[in-house]
Amino acid sequence: MHKMKTAIFPGSFDPFTKGHEAILRRALNLFDRIVIGVGINESKQTGWSGETRIEALRKLFAADDRILVEGYTDLTVDFAARHQARFILRGVRTIKDYEYELTMADTNRRLSGIDTVILFTEPQWAFLSSSLVRELIHFGKDVKPYLPEGLKYE
Ligand code: ADP
């Protein structure tokens, strides 16, 4: 029998950008199901509340039953276990991302044996980050080109 291959895609997604969307779309070729894990950290100053980030993504992906969206406040490996996921999906833009992702992947493998699957960003999104989008909004700039078509935070 075919076993469902599930990955979680954890992140702050504050906001979810076209860079995140591209990684998610490409990973749908690798996994049967992807659970987007919106990390909620009360001590971290965020642009949008956890609830708002979750709702916006649920609406965006409502038509795709291979994509689920859940919030979590505990360890990523425990979130993965709750969803029977054996893989963590992450994206890498730069050497700086690489170093961070390497330590996170090693930690998570030690904790639970879970493997991290890294996809390299497409060059057109290598500059793009959630913090850049928040900064552009702060200065009144149009960020539509950087957000997935149809994504709305309200
Ligand atoms: P975190 O706070 O956990 O780093 P983010 O929401 O910033 O969460 O990012 C989630 C994942 O998406 C991370 O692996 C990050 O490196 C990746 N990512 C963020 N922006 C991009 C992008 N433009 N292209 C590819 N991957 C990206």
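Where a number appears in this text, it was derived from the coordinates with a stated rule and is not lab data. None of the values given here were measured: they were computed from a predicted structure. When we count neighbours, we look across all protein chains shown, and the Cβ atoms used for this are built from the backbone with ideal geometry, even at glycine.
Could you check the range 112-134 and list, in sequence order, the residues that are out of contact with any Gly (no Cβ under 7 Å at 6 or more places or on another chain), surrounded by 13 or more Cβ atoms within 10 Å (Cβ to Cβ) and in a helix (DSSP H, G or I)? Those that are out of contact with any Gly (no Cβ under 7 Å at 6 or more places or on another chain), surrounded by 13 or more Cβ atoms within 10 Å (Cβ to Cβ) and in a helix (DSSP H, G or I): S112, S130, L132, V133. Picking from residues in the range 91-110 that are surrounded by 14 or more Cβ atoms within 10 Å (Cβ to Cβ) and either in contact (Cβ under 8 Å) with a residue 60 or more places away in the chain or over 22 Å from R26 (Cα atoms) (or both), the one that is farthest from the ligand (Cβ to nearest atom) is R109.
Yes/no matrix, rows are residues, columns are (1) among the small types (G, A, S); (2) away from the ligand (no atom under 14 Å from the Cβ):
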site	(1), (2)
K3	no, yes
T6	no, yes
S12	yes, no
V38	no, no
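Counting only strands (runs of 3 or more DSSP E) wholly contained in the range 1-87, the ones carrying 1 or more residues that are over 13 Å from the mean Cα position of the chain (by Cα) occupy 6-11, 33-39.
All told, I34 meets the bar of being away from the ligand (no atom under 11 Å from the Cβ), surrounded by 17 or more Cβ atoms within 10 Å (Cβ to Cβ) and not small (G, A, S). Under the condition of being in contact with a helix residue (DSSP H, G or I) (Cβ under 7 Å, 6 or more places away or on another chain) and in contact (Cβ under 8 Å) with a residue 40 or more places away in the chain, the residues counted in the range 118-136 number 6. Within the range 65-90, restricting attention to residues that are touching a residue at least 24 places away in the same chain (Cβ under 8 Å) and of a type in the set (K, R), the residue that is surrounded by the most Cβ atoms within 10 Å (Cβ to Cβ) is R90.
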